[in-house]
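Here's the structure we're looking at; comments come further down.
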Amino acid sequence: MRKIFGILVAIIFSISIFIMPASAAQNTPPTLEGGVLLYTFEGSTFTYKFQVTYTDADGDIPAYMFIYINGSRRIMEKQDIKDNNSKDGIVYVLPFSEEDLFKVAPKARGWEIEYWFRTNDGHGPVRTLISNLFVLDYDSMGLTPINSAAGSGFCSRCASG
Ligand SMILES: [Ca+2]
Ligand SMILES: [Ca+2]
């Protein structure tokens with residue numbers, strides 16, 4: 001009986017030696033989703049904000065979160081500084097004034113820009129495709145998109161105000 005127990009322990013021990021390093025080495029690369037350049041305006045003054053959501057199934061925190069705007073690298077910051085849970089996503093942002101954006105990307109004046117995002121969960125870099133989207137930031141302007149489910153109008157606050 002004792003011998004069998006000893007053999008069993010030996011088997012379990014040897015199995016765990018083979019399995020442990022393999023599972024420790026397994027990593028799911030992070031995803032970068034919803035990468036966008038949001039813009040808002042008040043009168044003729046525009047403000048801009050790059051945004052992307054980093055998600056990692058293992059809960060890894062990014063070693064860095066970069067955006068490349070027309071080839072120029074910038075560091076992005078967490079929207080919510082207290083958010084350390086990457087399993088449900090961490091939103092990264094980089095706001096720009098009109099003046100600052102045009103310095104980095106002069107052609108943004110004519111709505112031309114190229115940007116992409118790059119990160120690393122500590123196991124290797126991940127990047128997005130190049131984007132040139134400008135998207136009106138409905139939320140921060142207090143608007144509801146025209147094609148929203150409600151479908152009752154363009155401006156959600158106009159009717160009630
Ligand atoms: Ca990971
Ligand atoms: Ca989170």
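Values quoted throughout were computed directly from the atomic coordinates according to the rules given, and no laboratory measurement underlies them. From a predicted model like this one, the values you see are computed outputs, not experimental measurements.
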For this session: Return the sequence-ordered ³J(HN,Hα) values of the stretch 49-56 in whole Hz as given by the Karplus equation 6.51 cos²θ - 1.76 cosθ + 1.60 applied to θ = phi - 60°, using x for Gly and Pro.
Result: 8, 7, 8, 8, 10, 8, 10, 9
For this session: Hey, can you grab everything whose amide H is under 5 Å from the amide H of Ile69? Only 5+ residues off in sequence or another chain; H modelled, so Pro and N-termini drop out.
Result: Arg74
For this session: Would you compute, for the Cα atoms of the stretch 27-130, the largest minus smallest coordinate along each principal axis and list the three values in descending order, in whole Å?
Result: 45, 26, 17
For this session: Return the lysines within reach of Lys107: Cα separation strictly under 23 angstrom, same-chain partners fewer than 8 residues apart disregarded; answer none if there are no such residues.
Result: Lys49
